[in-house]
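Novice: The structure under discussion is supplied below as structure tokens; questions concerning it will follow.
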């Protein structure tokens, strides 16, 4: 068990994929003052690696929190280690952010790490998660009904976060701490059964290890195998995404559903995984995949932070944030030549003539004497129609027009309509202009419209 430093060094070499680079890397260690993280700091010190220590004082345990901080500051001072400390009232932050204390503590901690890394030029953050943590996480996800990805537990590497002790049993750390007289503090809250992780630790993992210590190493081996399986599936999922998923905006994706694909069981499996990854509820995914061949345009399937809409052999994934910036009752007056930003991200501007109109817009040449100002932008309303054709013109309902243009139902209420002060429809920007109110030869103003949804209209918008 005294080979802990070599185990950590080997792990770092694998994670960074270049043994020679280890000595050139600046590591930032996340240290709480507890045994696990203090052992990690001591190991890095023995390995003579370049590192600093970051500690976030959450102010959750009154004097005990401050004593943790004092221990770390003294350890860094004694060993000439760069020390980065921050403290904040976590309970107050949780109320302000409307999150649980656990959630906000994690946010605060990693925001702090990101800040220190960017200002002090650290390459990686290292956390002190170990094998027991990994097994606890497996059971947490198992009890929550997670899929394979969740059962893989804690990732050994994610972006710039490394966990070099993740596959090492905690007993090895305990032996090292005792043999090397590593200073650390006990967190009394770890003895509580308030949180699920602690209950699993005390009443499931500890008895299993006590029954037979080999159960931990064998369990970690099984989790490692699951991680390998997940890695392969992730590669296949990336191929699926490249072939069938079209990202259209930060909030919108379209999944193409072809007849040949629907009959492919592997394709269907990847679709389920992707929808699960995107946060759709398992019941929603089951409803969709179990009704192949019976999908109806306009059907929707809910998720935690998004909704999937079926529309003519396409599945549209829309994040809830798409609906945050606009409302069906939005009414905006178009008054001057300054660019106007509309709720939802569209832009509109009045130009004097076509020569001054910027490229990549939908142009609406307005016949000034035919309309009543001010011009208005709004969303569709029941009974809306547009006048088309040639004099005396004919009326066409917007409902039928949008169907003819095959606009997915999810976007119909989002589209803007340009009217005059008498509520006469001048144009559906991006789709069609009414010839009754727009004619380039007699127009006196040009409306330039930039859509944030150019994929609906085949516009090359900027």
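Readers should treat all values here as calculations from the given coordinates under stated rules, not as data from a laboratory. Keep in mind the model is a prediction, meaning the values are calculated, not measured. So basically every Cβ, Gly included, is an ideal-geometry build from the backbone, and we count neighbours across all protein chains shown.
Novice: Quick one: which of 423-430, 43-50 comes out on top by average Cβ neighbours within 10 Å, and what's the full order, highest first?
Specialist: Ranked from most to least packed, the peptides come out as 423-430, 43-50.
Novice: Roughly what angle does helix 214-244 make with the longest principal axis of the chain, taking Cα atoms, 0 to 90 degrees, to the nearest 10?
Specialist: The two axes meet at around 20 degrees.
Novice: What is the spin-label model distance, in nm, from residue 241 to residue 296 if the labels are put 7 Å beyond Cα along the C-beta direction?
Specialist: 3.3 nm
Novice: Also: Mean residue ellipticity at 222 nm from the helices of the chain, using -39,500 (n - 2.57) per DSSP H segment of n ≥ 4 over the full residue count, to the nearest 500 deg cm²/dmol? Walk me through the numbers before you get to the answer.
Specialist: Values: 16 runs with 175 residues, N = 462.
For the chain, the value works out to -11500 deg cm²/dmol.
Novice: Does anyone have the angle between helix 131-143 and the longest principal axis of the chain? Alpha-carbon axes, 0 to 90°, nearest 10?
Specialist: Between the helix axis and the principal axis of the chain, the angle is about 40 degrees.
Novice: Mind checking the angle between helix 63-79 and the chain's longest principal axis? C-alpha axes, 0 to 90 degrees, to the nearest 10.
Specialist: 70 degrees
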